Each structure stands twice: as structure tokens, then as C-alpha cells.
Amino acid sequence: MLLGKGRLLVENIKKRLLRIPYSVRFAAKQLVILAVGLILSRARLFDGLPAFAVAFAASVPSGYVFTACAGAAAGSVLFAPDLLVGLTGAAAVLACGMICFALKAITGTPVTPPTAFLVSFLCCAAAGGTTLLAGGFYLSGVLLYLCDGVLAGGAAFFFLRACALRRIVRRPAALNGTEALSLAAAACALLLPLASWKLYVFVPARAASVLLVLLSGSLFAQAGGGAAGILCGAAMEIACDLPGLACCYGVGGLLSGLFASRSRWAAPVCMTVIAGLYPMLRQENDAVAVFAETALAGAVFCAVPPSVLQTLRRTVGAAALPEDSGSSAVRRRLYTAARAVSSITPYMTEQQLRRGKVPGTARMIGRVRELACADCAQRETCWQTREAETADALAQSFLLLHRRQYLSPDDLPAALAAACTRRNMLSAACVQAYEETAQTPYIARGIPEWIEADPFSAAAALLTDAAEQYGAERQHLPRESSAAAQVFRTHGVPVRRADCFLQNGRIVLTAVSDPFPDSVNKAALAKQLGKACGCPLSLPTVRADGGTFRWLLSQTARLRLRTGTAQYASDGHVCGDFFLTFPHDGKQILLLCDGMGTGAEAAADAEAAADIFASLVEADLSFACALRTVNEALLLREDTESVCALDALCIDLYTGSAVFYKAGAAASYVLHKGKVERVETPCMPVGILPDAAFRETKRTLRAGDVLVLVSDGTCSMYDDHIVDALQSFRGGSAQKLAEEILARAQAVHNNRADDSTVLAVVAEGV
């Protein structure tokens, strides 16, 4: 749910940003790049060259190279201890930026991380060698500039690796260990320049580095925590001159990752305890500040909602998944296959760019023709007599715009600039068309224009979902296990061991005991054990096993459901809506699909989408993966456009959890204690964009609650009739409730031009 809300927030922000004129946005980006270059130029770990500023000049996009070089060079001169050192640093920055810009322009492809490493190292070595040549060679100077070169090259390498991982927001595959290390190294490099900012003796960058270590330990277990701890500790040790800090953070990160799976409180406690030992080794104010900063970062980490951490683990934490000897190899292969499949379309796009064509060029040329040439007196000459030449010139313009991220009238190809009388309008139209196209999910995910849908994305999602499901272990609950053992002993059962597990979303309790008296009240024992485990449990099953007895209790369902359905066909024959309701793994799933339009054709699309989705869910695939597959199937249809609004409701009969999954669906309604709540999450239907996703809303049901799912024909314009029907409901048949809501909708909307469907669910206690 939080992930869905986050994506919706990002989409809203993008829409608002697109309303700002392109020139304003471009100027704001340039100012940010300039400020970052100035900040990074302050960091000189060895009092030599500004290595991070050199790395930044090598890793920024082509359109921002000049601004980055200007900011970094100016900062190199302003923050240098003397003018000679400042000019040397500025020369290294300018040389690195210009070389990388030339490589991009010559090859037509972005600079790779190894190339950025080599260019940054050589520029630092050349600048340092020139300085030593002018002032005389000495061993410490040679080592100084070599260290600066290695540091600049490493920072550029990890900067580019981290920038390349922006696709993890959209791709289904999680990060592997190498990618996680790249992100941690890039974050450390960005934190280093901030280590010079202090609040009395406190350094905010150190607190941020501790938070990074805790997150790495939580996501990637002890390996991630230890690696991030060593990296962050070494960075802060060098920047703040605190010997031993790398060892402190490394041990703390290792222990945090080791105990992160046991409790979310264990990781910050371990990190804080280890940091508390540091002031004993170094009795200084800075050491005490390290302890206080660690405690503050631990408090911030504890304030992060568990659902956010769980979402991050699913998104980027492949290395943190539990593995056993029987399934780890298969799971790793599945994740590797998912990453390989998800990279197919970006690879195709890269090949297309090498051939000199930006994905979406045909669409952008048509948009430019609408914006700049619709009312031009020379449009017949350009788009009839010289149509091929005009299209080729615009394609070159878009390629230049893609590389440099800006386009002025003077940048237009010579033939086009000479023939066009509206150069300013034409360049502005090119920028607007590129901005509109670049914001679409097709180009954002690297899908070439000749691919109408991305079938590889669905295949990668299937592989990732299979990897997450394969070999999943039971989650042991130590607190509930201890409480259950105490309950057994209270009832006179000499239990040796009690284990409580969370398996497939439900509680299972097993125990081993010595012979016990026959007078044990098993019903009362099951009731007390249910309280200890936090859920109702079935009567125990007891079996003799040699000289011991084995107990088994499983969670019982809290709810049972009564459902009712009603439909109306606007054409009097076939309703364009289709619904399914089926049980699966202790859950009741209701599915309502509303096809575009009315009648038999809409019903066929809705039925196909519902059948595919239900079959995938019954095969134990996640709802998100099933939706992605349905969306790709609809996009691949060539004969007609297939669009469906999909509304799914998943009710866990054991926990009472009800999750609404909506993709372009109408509002749903929940009646609880006489009050009606609308569950409404605006989003796109399936079959339109390749990045279809559910918007999730979670509620907890109690006995007597009522849920209603409707298609948009039932609540068109307003829904007072649905709310009134629910508020007047006093229990009884769910079928009569569904029929009453449909009858009221027909009475309100006299001329019904859309199909209507009502699904009503009444929850009862077991």
C-alpha cells in the first residue's frame, strides 16, 4: 500500500513539474548541478586534488557537463589552500569533463564506469604530474596524486554504477550483492564532502552514515551491514580524523545485520552498544559525539514503519532473502534470469541509439508537425516536397537533444535551419515533444518505439515472483513460542519444546512433551494458547512418538462470508462486466472486471482479463505479477484496443485482513458499525500503459461488516443511493442487499447507458 501511494505521489509530482516551462526546469537543474559541483569540490581527503569533483564531472549527463565543470572548477579555486593547488584541481576537473563529453559525442553512447575510472585517474595523474614537474618530484607528492587519482576513479566508477541502477524503481528484479555495494560506495562518496559541516561537535554526515549502515544490514543481512559499516567508517575516519571509526562501524554493521532478522530493535541496539565502546577507547568529545549520533540514527531507524522496510526488502533486498542448501542455487538462478530478461529492451534501445535514432522519434516528429508547422505557409513544401529531408533533419535534432538535454535554434541542422522561417518555434516544439515523450513509460523504461508492449517485463516479473515463492521458509516466532511453552506447563503438560511458526500467513504451533495426565482440558488449553499466539487455534492433535507426544495446533478461520451479486445489461442482452469469486489458500478473492464499452465485446475483454488474472493467482503468483501479465496480454492485441478496469478484493478468513486492489476501478464501500467508508484510489486501467500497477488499500474486517464492489455504471456521477442502502441494511441476505443497490441505481439513473454490477459481501464470525 505504501509503495502504491509512493508511486502515485511521484506521478503527481511529475505532472506538476511538466506544467512548469521547460526553460525554468532546465535552469533549475543547472543550478542544482552547479551547487553539487561546488559542494563536492570542498572535499580534499589528502589535501591535494578535489577527487570527488573530478569524479562528478566524469559522471554527469552530457547536457550538464559544462555547468558541473564550472561549479567544480570554481569551488576548486575558492576552497583551495593556495592558488596553485586550486588551479591544478580546476584543470583536472575541466580536463576530465571535456574528455568524457568528447567520448560521448564521438561514440554516441554514455561513458561506461570503467572508462570513467580510467579518465578520472589519468586526469588527476596528469594534473599532479604537471605540478610535480614544475616544482620538483618528491615521493610523498607522487603518492599523494596517485591516491587522489585512485579515489577519483573509484568515485566516478561507483557514481555511474549507482546512476545506472535508477531502473530498480521500475524493474521487477531485486539488487544483487555487487549492485548493493555500488550504491553503498556511491552514498559514502557523497557523504564525505558533507563531513566538514558541524553543529558544535556533532557531524550530521556521521549520523547519516550510521543510518545507511543500519539500512544495509536490514536489507542485506550481515554481509551488507559489515560492508557498509567498513565503507562508511573508513570514509568518516578519513574525513573526521578519528582513528578506529572504520572498525567500530564495521563491527556494529556486522552485528546489526546478524540480528536484524530477529527483531527490528536489535540492529540499532547493537550498533549503539558498539558505538558506546568507542568513547572508552578515545576519551574525546568527538568520540562521545559519535555515540550520540549513533543513538540518534538508531532512533530514526526505529521510527521507520515496518511496512516500509518490508517493501524495501522486496524491492532491492535479494541478498537478504533466507537461503538453504536445497533452494539457494535455484533461487539465485531465477533472480539472475529475471535481471537478464528485464535488460533486453534497454539493450535494444541502446543499440537503436548507436544507430543514431532516439526511441519515439516518429511520435515526436508528428508532435512537432502539430505544434510548429500546422499553420505555417511553407508546410506543404517541407512535408510534401521535402518530407524525407525534413524528417531526417528532425531525427538528428532529437538525437542531439537526447545527448545534450537542450536544443537551441542554432543547434538545428543546417539544411533545416536554412529552410525554416520559424527556427525559434521549431526548436521549442522539439523540446516540448521530447519532454512529453520522455515522460511516457515506454521511453522511461527503455522500450523502443517499434515495440507496442514489453513482454520481457512480464516474463521477468514471473521469474522474480517464482524466486520469491521458491523454497520459502517458515518464519519462527520466538516470543509466541516462549509464551506457548509457559501455557503448556501451566495446564500440567510437561512440554520439552514449543515452536510457533508463521507459515503461508497463518500460525502453526507444534510441541513435544513427555506423557501427560488425561485430565488436561484441551479446549481450555487451545483457548489459552490462542491468546498466547495472538490468534484462535484449533483443538490440538496429539500423537504418540516413542516415549514422547507431539502436539499440533493450527490457526482457525475468524470469519465466514456470505456473498450476493446483481447485474444489469444496458443493451438488454449481455452485460459488459464480468465477475469471479473463488477461495484460495485460506483467502476469499472477489474479482470484478469492467470492459471498455458495453455489450458482448466489452464482456469478452472483461472475461479474458478476469480468467487470466484468476488462473495466475491460483498458481500462487502475486497480485502485482498477475496484473502485469494481464496488462501485457491486452497490450499485445493487434486487432483492437482492449482496456479493462480491474477491481480485486482479497479477504483473509484467518486474520480478517481485507485488501482492495484497484486498477481504474470505481469506488468500493465498507460498512462498519453503521458508518459507510468509500475506498477510492484513482489510477489507470489495464491495457493502456506498460507500467500498470494496482493501488492497494487495506482494512481489517470484523463480524457484521459489509463490503460492496460496484462497476462505474452503478455509481455514475454520485453514489448517495449506495450509501443509503448500506446505512439502512440491518443484516440478512447479501443477495438481497446487492439487488437493492442495483434497483436503487436503476431508479436514480433513468436512461442507463452503461452496464452495472454489484458484489456484496457480509462478514460473520465463526
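Details
- Segments classed as helices (runs of 4 or more DSSP H), wholly inside region 284-395, with at least 1 members that are aromatic (Phe, Trp, Tyr) and at pLDDT below 65: 344-354
- All conditions but one from (1) out of contact with any helix residue (DSSP H, G or I) (no Cβ under 7 Å at 6 or more places or on another chain); (2) crowded, with 20+ Cβ neighbours inside 10 Å apply to residue 729; the one that does not is (1).
- Matching entry among 102, 80 (being assigned to a helix (DSSP H, G or I) and either at pLDDT 75 or above or farther than 30 Å from residue 696 by Cβ (or both)): 102
Residue-by-condition table, conditions (1) under 24 Å from residue 293 (Cα atoms); (2) in a loop (DSSP other than H, G, I, E, B); (3) modelled with pLDDT of 80 or more:
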| site | (1), (2), (3) |
| --- | --- |
| 150 | no, no, yes |
| 153 | no, no, yes |
| 214 | yes, no, yes |
| 220 | yes, no, no |
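- Any hit, region 711-720, residues being buried (at least 18 other Cβ atoms within 10 Å of the Cβ), closer than 19 Å to residue 595 by Cα and at pLDDT 85 or above: yes
- For region 230-248, the candidate set comprises residues that are farther than 18 Å from residue 193 by Cα and touching a residue at least 24 places away in the same chain (Cβ under 8 Å); within that set, the residue that is surrounded by the most Cβ atoms within 10 Å (Cβ to Cβ) is 248.
- Residue 541 being surrounded by 14 or more Cβ atoms within 10 Å (Cβ to Cβ), out of contact with any Cys (no Cβ under 6 Å at 6 or more places or on another chain) and either over 30 Å from residue 594 (Cβ atoms) or modelled with pLDDT of 85 or more (or both): no
- Residues in region 478-534 that are among the basic types (Lys, Arg) and either assigned to a strand (DSSP E or B) or touching a strand residue (DSSP E or B) at 6+ places or on another chain (Cβ under 9 Å) (or both): 479, 489, 496, 497, 506, 522, 527.
- Meeting the requirement of 2 or more residues that are surrounded by fewer than 16 Cβ atoms within 10 Å (Cβ to Cβ) and out of contact with any His (no Cβ under 7 Å at 6 or more places or on another chain), the strands (runs of 3 or more DSSP E) wholly within region 553-650 are 559-568, 577-584.
- Residue within region 442-459 that is surrounded by fewer than 18 Cβ atoms within 10 Å (Cβ to Cβ) and at pLDDT 70 or above present: no
- Residue pairs whose Cβ atoms lie under 6 Å apart, separated by 6 or more positions or on different chains, with the first residue in region 282-293 and free of Cβ contacts under 8 Å to residues at least 60 places away in the same chain and buried (at least 16 other Cβ atoms within 10 Å of the Cβ) and the second of a type in the set (A, V, I, L, M) and part of a helix (DSSP H, G or I), are 291/275.
- At least 1 residues being within 34 Å of the chain's Cα centre (by Cα) and without any contact (Cβ under 8 Å) to a residue 40 or more places away in the chain is the threshold, and among the strands (runs of 3 or more DSSP E) wholly inside region 667-766 those reaching it are 668-672, 675-679.
- Selection within region 515-538: residues that are over 12 Å from residue 487 (Cβ atoms) and under 43 Å from the mean Cα position of the chain (by Cα). The member of this set that is surrounded by the most Cβ atoms within 10 Å (Cβ to Cβ) is 535.
- Within region 22-57, the set of residues being aliphatic (A, V, I, L, M), over 25 Å from residue 153 (Cβ atoms) and modelled with pLDDT of 80 or more comprises 27, 28, 31.
- Exactly one residue among 109, 67, 115 is modelled with pLDDT under 85 and among the hydroxyl-bearing types (Ser, Thr, Tyr), and that residue is 109.
- Answer residue from region 249-280, given it is aromatic (Phe, Trp, Tyr) and over 27 Å from the mean Cα position of the chain (by Cα) and is surrounded by the fewest Cβ atoms within 10 Å (Cβ to Cβ) among those: 278
- Taking region 97-131 as the range and being touching a residue at least 60 places away in the same chain (Cβ under 8 Å), in contact with a Ser or Thr (Cβ under 9 Å, 6 or more places away or on another chain) and more than 12 Å from residue 148 (Cα to Cα) as the test, the residues that pass are 104, 105, 116.
- Scanning region 530-558 for residues that are within 12 Å of residue 500 (Cβ to Cβ) and among the aromatic types (Phe, Trp, Tyr) returns a single hit, 551.
- Every residue from region 568-626 that is of a type in the set (Asp, Glu) and within 27 Å of residue 746 (Cα to Cα): 571, 577, 594, 601, 605, 607
The values are calculated or read from the model by the stated rules, or taken from the named source; none is laboratory data. No experiment lies behind these values; they were computed from the predicted model shown. Neighbour counts run over all protein chains shown; Cβ positions are idealised from the backbone, glycine included.
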